[in-house]
Amino acid sequence: MTVIDFSAFIGRLATASGETILPFFRTSLSIDDKSKTKDFDPVTEADRAAEAVMRRLIKANFPQHGIVGEEFGNEREDADYVWVLDPIDGTKSFIGGFPIWGTLIALLHKGAPVFGMMHQPFIGERFSGDNGSANYKGPSGERRLQVRRCASLAEATTYTTSPLLMNESDRAIFGRIERGARLSRYGGDCYSYCMLAAGHVDLVVETELKPYDIAALIPIVTGAGGVVTTWEGKPAQGGGRIIAAGDARVHEEALKLLNR
């Protein structure tokens, strides 16, 4: 089977998860803290319910496939096809009532991300990609996604969700990027990568990401012409310290700063 065979099904997953999540958004919902340290790592009823819905659909339609999910762990992760699910990427924004969150759905084939979607049901936006192309569908219609040209870090707009999520050493290294960039902004979670694919952001630098935080975003960014790697320049689907750039020149310059 090809990625084309799965695209309609991924749309079904996005619709089902969105219908499950929206009744919880901007309501008084219960919030649990998954963190075993002082760092706050929230999870809500909406996260769990949306992942459960997607898991049921996958098992009913593709019982031989594996599933990696943020809330309910891994099943058959050594299968040829594996679904990687983050029901709400940006839970902190979600509980604050800000619509800067999304459902991330990735399909891996033999360990490599071959299709990804970010769905924001409150705004009604979908960003999708298959490494070869990337597309947007939302209130303003449908269009192909394309990164923008940016010759140097000095001309770049860069995003990270929060430098407070970085350890002290990585925060200091990230400071080199901030000092070199034209504009540095915080926030965004998965939206930062989608805005990069759409040509509005030039660089995203993050640390301590899990596979479900990044797997769906890689085919979107690369499909739009961008680059996603670890800080060491390695494949990014395993998570960790991640850098995404719209222009290879900015990626190369930023990598040198991160590894100086």
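The values are calculated or read from the model by the stated rules, or taken from the named source; none is laboratory data. Quick caveat: nothing in here was measured; it's all calculated off a predicted structure. In this analysis, Cβ positions are derived from the backbone assuming ideal geometry, glycine residues included, and neighbour counts consider all displayed protein chains. We work out accessible area using only protein heavy atoms, side chains counted, and drop any ligands, DNA or RNA first. Shrake-Rupley method; radii C 1.70, N 1.55, O 1.52, S 1.80 Å.
Here are a few things to note about the model shown:
- Subset tally (residues that are open to solvent by 60 Å² or more (accessible area, probe 1.4 Å), in a helix (DSSP H, G or I) and not aliphatic (A, V, I, L, M)) for region 155-168: 2
- Among the residues of region 236-260, those identified as among the β-branched types (Val, Ile, Thr) and part of a strand (DSSP E or B) are ILE242, ILE243.
- Applying the criterion of being under 17 Å from the mean Cα position of the chain (by Cα) and surrounded by fewer than 16 Cβ atoms within 10 Å (Cβ to Cβ) to the residues of region 226-260, the residue that is farthest from ALA197 (Cα to Cα) is GLY238.
- Number of positions in region 136-154 that are of a type in the set (A, V, I, L, M), part of a loop (DSSP other than H, G, I, E, B) and either open to solvent by less than 30 Å² (accessible area, probe 1.4 Å) or closer than 19 Å to GLY102 by Cα (or both): 2
- The listed residue being at pLDDT 95 or above, touching a Phe, Trp or Tyr at 6+ places or on another chain (Cβ under 8 Å) and farther than 23 Å from THR207 by Cα, out of ARG149, ARG143: ARG143
- Of the residues making up region 169-190, those that are modelled with pLDDT under 95 and surrounded by fewer than 20 Cβ atoms within 10 Å (Cβ to Cβ) number 1.
- Within region 212-222, being open to solvent by 10 Å² or more (accessible area, probe 1.4 Å) and either in contact with an Asp or Glu (Cβ under 8 Å, 6 or more places away or on another chain) or within 25 Å of ASP47 (Cβ to Cβ) (or both) holds for TYR212, ASP213, ILE218.
- Only a single item in (1) at positive phi; (2) not basic (Lys, Arg); (3) not in a loop (DSSP other than H, G, I, E, B) is not met by GLY233, and it is number (3).
- Any hit, region 201-211, residues being touching a residue at least 40 places away in the same chain (Cβ under 8 Å), within 27 Å of TYR81 (Cα to Cα), assigned to a helix (DSSP H, G or I) and open to solvent by less than 60 Å² (accessible area, probe 1.4 Å): yes
- Test: residue in region 117-132 that is farther than 30 Å from LEU29 by Cα, surrounded by 13 or more Cβ atoms within 10 Å (Cβ to Cβ), in contact (Cβ under 8 Å) with a residue 40 or more places away in the chain and small (Gly, Ala, Ser): yes
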